[in-house]
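One structure is given here, and the rest of the page talks about it.
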């Protein structure tokens, strides 16, 4: 447990020192909120769908959680390249505990980025339906961050260079974001897109966030939580196996 705590603190310290990373990761959510949000708002209202800022903001928070959490795996690749991971792995601790510490640290960083994005959405005009819904929204935010941190770590365990990791992340983040319903309603989609959206894990995270914040669910809160927890458990088992096989 001491190892988990130390690695959690290490991830937080790495994040807090990287001001450039904080501002860069905020750039895309802010552009989406203030440019796409206000640009599409009149069209969305004319279509009888209400406020687009209200609809978009939970999706942008989910996307910020996705991109920040999954990129936490980059730290593992970096540490592997420059030898710091070797020093960590020779410690008299289980590799599974080491992975859990890194995963919890990355998820906490993702959650912090999601909270910053939510504050920015409030500045853009978003308002939660009720204050009482915020604890449930925080639960969904943490589950999203945890799921995609585990995914990023599992992918990083199979790669040894940063360029390969960045290419895979760019290929992964964009389709996962656009198929999640973060930017448009999933109702009445073509059959193929509807099927792909149902397979997208972020769809359940965005649906849970949107439901908690504005009261609109597509799959239902229990389904959203169950899918996120099951996928996290499966990916954690896979990631632990891959992490245990990393060679010094």
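Observations, loosely collected:
- Length gained on full extension, residue 170 to residue 28, computed as 0.36 nm times the residue gap minus the Cα-Cα distance: 49.8 nm.
- Descending by average beta-carbon neighbour count within 10 Å, the peptides 199-208, 231-240 line up as 199-208, 231-240, the highest first.
- For the pair residue 198 and residue 96, label points projected 7 Å from Cα toward Cβ lie 3.4 nm apart.
- Placing R0 at 30 angstrom, the Cβ-Cβ distance between residue 112 and residue 162 gives a FRET efficiency of 0.85 after rounding to 0.05.
- Residues residue 119 and residue 238, FRET efficiency given R0 of 35 Å [Cβ-Cβ distance, rounded to 0.05]: 0.55
- Shown for 165, 142: other C-beta atoms within 10 Å of each C-beta, ranked fewest to most, produce the order 142, 165.
- Burial ordering of 210, 127, 245, 218, fewest other beta-carbon atoms within 10 Å first: 245, 127, 218, 210
- Estimated FRET transfer efficiency when R0 is 41 angstrom, pair residue 51-residue 245 (beta carbons, to 0.05): 0.25
- Using a simple spin-label model with pseudo-atoms 7 Å out from Cα toward Cβ, residue 229 and residue 127 lie 3.4 nm apart.
- Radius of gyration, Dmax [the stretch 103-229; alpha carbons; angstrom]: 15.3, 46
Values in this text are rule-based calculations from the coordinates and carry no lab data. This one's a predicted model, so the numbers in the text were calculated from it and none came from an experiment. Every residue, glycine as well, gets a Cβ built from its backbone with ideal geometry; the counts of neighbours run over all protein chains shown.
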